[in-house]
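Here's the structure we're looking at; comments come further down.
The values are calculated or read from the model by the stated rules, or taken from the named source; none is laboratory data. Note that the structure is predicted; figures quoted are calculated from it, not measured. Cβ sites come from the backbone with ideal geometry, for glycine too, and all protein chains shown count toward neighbours. Areas reflect the complete protein model, heavy atoms only, side chains present, ligands, DNA and RNA absent. Shrake-Rupley method; radii C 1.70, N 1.55, O 1.52, S 1.80 Å.
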Amino acid sequence: MGLLVLLGTQIVLLAAVVGALANRIQVVEKIRLGEVLGPSEAESADNLLATIASIEGWFWIATLVVWILWQFRAQRAARELSSVSRFRFTPGWAIGWWFVPIASFWMPFETVRELWKASEGRPDWPDIPTWSIIGWWWGAFLAWIAALNIAPAVTEEVVTPDGVIRRDEWFMVGLVIGVVASVLAMMIVGAIRSRQDDAAELRSLIRPSAPARVPPPP
């Protein structure tokens, strides 16, 4: 539940940062057109954006930490539910691949895909087709990171109003993609939890009961 709350909060904060960026773009556009602004209008737009972005950044770190803990536990639970030991990733490496350079561009997707399949608990889980949402989530996540890194690279002249506007527009694109990625992440977390709950319930129902004790003859 905590991870879903953090992801939901992150969506709200990302949307708030987009709103703050849009507000600053409006202020800079007025400057570009030569309008006279109040002494605190531009500063207020910058401060609002900095405050919301800082809060969102801390929530992003918290969400990352909780995601790592959740995925480790979910991967371990999937192993306990599965009667077929055909796992490619241990719970430790399911987390470790997030931090391996280059490989982190695709291996975390593989670990989450395996986790989603194995959470079904069926003997044939490795043969289950991959849920398309997982692919869309990973694509959106990579696009989010890419857009946030492209923004400062393509807008070197940020000292000009046009440069500031272009940079902020790129950041807005990245953050909107981040909202999409976070929504898809919530869907994946919810689906994995639901699948593991259903598998655990089914396993408890089919587990053979202990044989009844026959009383000794009198």
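Summary of computed values
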quantity	calculated
Residue satisfying condition, being under 23 Å from Arg195 (Cβ atoms), open to solvent by 50 Å² or more (accessible area, probe 1.4 Å), free of Cβ contacts under 8 Å to residues at least 24 places away in the same chain and assigned to a loop (DSSP other than H, G, I, E, B), within set Pro129, Pro123, Pro101	Pro129
In the stretch 104-120, the residues that are acidic (Asp, Glu) and either in contact with a helix residue (DSSP H, G or I) (Cβ under 7 Å, 6 or more places away or on another chain) or surrounded by fewer than 14 Cβ atoms within 10 Å (Cβ to Cβ) (or both)	Glu120
Leu69 vs. criteria touching a residue at least 60 places away in the same chain (Cβ under 8 Å), of a type in the set (A, V, I, L, M) and under 30 Å from Gly190 (Cα atoms)	no
Single residue of Ala45, Ala53, Ala74, Ala94 found to be in contact (Cβ under 8 Å) with a residue 60 or more places away in the chain, crowded, with 16+ Cβ neighbours inside 10 Å and either assigned to a helix (DSSP H, G or I) or within 15 Å of the chain's Cα centre (by Cα) (or both)	Ala74
Tally, over the stretch 186-207, of residues that are modelled with pLDDT under 80 and among the small types (Gly, Ala, Ser)	1
